Each structure stands twice: as C-alpha cells, then as structure tokens.
Amino acid sequence: MGAMLALVTSPFRAVVDAVLPPRCPGCGEIVDGDDRFCAACFAQLQAIGPPQCACCGMPLPHESDAAARCGACLAEPPPFVRARAPYAYAGPARQLVLALKHGRRLHLARMMARAMLRVAGNLPDDAVIVPVPSHRWRVWQRGFNQAVEIARQLARQSGRPLAVDALDRIKPTPTTKGLGRRARQKNVQGAFRVARPGEITNRTVVLVDDVMTTGATVSACAAKLLKAGARHVEVLTYARALREGQVGMTGL
Ligand SMILES: [Zn+2]
Ligand SMILES: [Zn+2]
C-alpha cells in the first residue's frame, strides 16, 4: 500500500511542485526561486565552521590550529576520519530536514547536497557515496529514505559514484530520541551490515545522512565499513545537533 501510494503520489507531487510557486522550506513564505530560503530564514541559519574539531567537526570554543581535536575525539577517537555538516540542527535547517522527511519534497535534497558539498570541499578521487540505510519497514511506510535522496544528489553534483545498497540495516532501531550517547551506541550495535563489500573495498566512503546527533549511528556504520575493507570513512550530513552551550555562527 505504501509503495502504491508512492507511485500514485510522486508524479502528482511533481505536477503540484511545478505549478505552485516555490516556498521557503523554513517558514513556507513564497520565494522567488526553487531551492532557497527566504531572507529571514537564511539569516537565522547557524553555520558550522572553524574553529572546529578536525575530526568530528564540533565547534571549538577558542581559535585553534586546523588539526585540533575536541575532548571527546581525543578521549575516544571515532572510526571516521572526518565529519562535516554545514548547519546546526536548529531553526530553518531543522525545518528543512523535517520537510524532506515528512513532506516528500525530494527536490529539497538538491539544496541540502549543495550546502554539504560546500563544507566538504572536493571529495577524494576514490570516494564512493553511501547513504545511512533506513530499515525497510520505515522506507515502506514513508515511501523513501531521505539519506538516499540526499546521497543521490551528492553523487550527481560531485560526479562520484553512489553505492546505494552497500550498507544494509538488519535491525530496526527503536527511536533514539532523548537517549544519551552510551545508550544510543548500544541501541545501534548490530544494526548494520555491509551488503556489498566489493563497492567499498579500498575506497574512501562518504557516509551520508540528513542529521548527525550523537554520532552513534554513523560510528556504527563506519566501523562496519572499515572492517569490510573501506580505506577511510568520511561523514557528511546536512545538519548537526550541537551540545548545550555550543553555538554556530548566525547569518553565514
Ligand atoms: Zn523562510
Ligand atoms: Zn571532535
């Protein structure tokens, strides 16, 4: 039923999107072109940039050299070499993530991919783009996996290959809302497996998701990818939950 519904609604959706004026994904105001925020929402975006942890990308409180790492990464180095996100998960960036997830507005993925590539810079020549998988029933329920849509756009814009089924989620993870880091780590243990190792062996995997919260999910994926022969894993998300007291830079 979910798949049927998706078949029925997506061409219809495309027609509606083409006829209705483009709206700001942050607030719904009419804007003068697709794939953009209105000026007010744009000014509220909290960009994440240097000084930041060389590994996880978290903003650092003081000016520091480019190789500096945050306390958490020093204490327990994550399995990925680098995680980057253009925006803090708040305000209009959060609205955009929710719009993609629930509104089925797949063209929003194009806008997210562009912002993500801006902070990622040139992807390595050996890069392969891999989305964090959703469990099948969730895809079935929703009609799509938002990470796949973003990854598809990233592949298109960067010219790097997409390995959409390289990773598989073998266990649905109950909602992680409100759980701490340790609890989340436990929650995702054993949730993923590498289904197609041939697509990632000896390559830099760019692991893609819409939001990074504690990093437990991407860490679980990265560990599996490395074990299966990936050279490095980089994480690229559109938004990033910041810890209490951390602020991105407004209006960038
Ligand atoms: Zn707006
Ligand atoms: Zn860090």
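Laboratory data are not the source of any read-out in this text; all were calculated from the coordinates shown. Source: prediction; values computed, not measured. Don't worry about glycine lacking a Cβ; one is built from the backbone with ideal geometry, like all the others, and counts go over all protein chains shown.
Annotations
- Formal net charge of residues neighbouring TYR238 (Cβ-Cβ distance under 12 Å; K, R +1; D, E -1): +4
- Across region 209-231, the residues whose backbone nitrogen lies under 20 Å from the label position 7 Å along the beta-carbon direction of HIS102 are 210-213.
- Simple spin-label estimate for LYS171 and GLN189 in nanometres, 7 Å along Cα-Cβ: 0.8 nm
- Sorted by Cβ density within 10 Å, fewest first, the residues GLU234, GLU76: GLU76, GLU234
- Taking other residues whose beta carbon is less than 9 angstrom from the beta carbon of ILE48, and scoring Lys, Arg as +1 and Asp, Glu as -1, yields +2.
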